[in-house]
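Report on the structure given below.
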Amino acid sequence: MSRVLALDFGTKRTGIAVTDELQIIASGLTTVATSELLVFLKEYCSKESIALFVIGEPKQMNNEASESEVYIKEFIQKLEAAIPQIPIQRVDERFTSKLAFQSMLTGGLKKKQRANKALIDEISATIILQTYLDSKKY
């Protein structure tokens, strides 16, 4: 089987998570500067078999798209052009940053580690991916 790769897209950096080959477990992979994201994804996809990209869909509490959705849609167009063979699915990412921070607290990370925004982005991508995996179970 192929892996599923999730992105917590940001204008400065993007958190990336990936499943195992059986698509059971979501694990944080890395955080990449968004300006280098397409290059990273092309290289990663040339080494690993990826079945699907899951990209977070930020929404406001009233269910309207957040301001960052404009940038995400622009990126998706570039991703579709660069790697057209891999489909893209969106997943609601409301509260993922808060959940990521809470998981850092629960995990006992020190204050300095919790201030690492790149780590928060990677954990957020993992939460987005796990949300997708959980939705497939039903």
Residues that are within 17 Å of F9 (Cβ to Cβ) and within 14 Å of the chain's Cα centre (by Cα), drawn from segment 25-49: A26, G28, L29, T30, T31, V32, A33, T34, L37, L38, F40, L41
Residue under evaluation V4, criteria (1) in a strand (DSSP E or B); (2) among the aliphatic types (A, V, I, L, M); (3) surrounded by fewer than 13 Cβ atoms within 10 Å (Cβ to Cβ), criterion not met: (3)
Among residues belonging to segment 7-58 that are small (G, A, S) and closer than 14 Å to I128 by Cα, point out the one that is surrounded by the most Cβ atoms within 10 Å (Cβ to Cβ). G15
Taking helices (runs of 4 or more DSSP H) that fall entirely within segment 17-123, which contain at least 2 residues that are at pLDDT below 95? 69-82, 96-106, 111-114
Being modelled with pLDDT of 70 or more, among the polar types (S, T, N, Q), surrounded by fewer than 14 Cβ atoms within 10 Å (Cβ to Cβ) and under 12 Å from G56 (Cα atoms) is the requirement here; does Q130 meet it? no
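The values are calculated or read from the model by the stated rules, or taken from the named source; none is laboratory data. Here the structure is a predicted model, which is why all the values come from computation and not from measurement. Cβ sites come from the backbone with ideal geometry, for glycine too, and all protein chains shown count toward neighbours.
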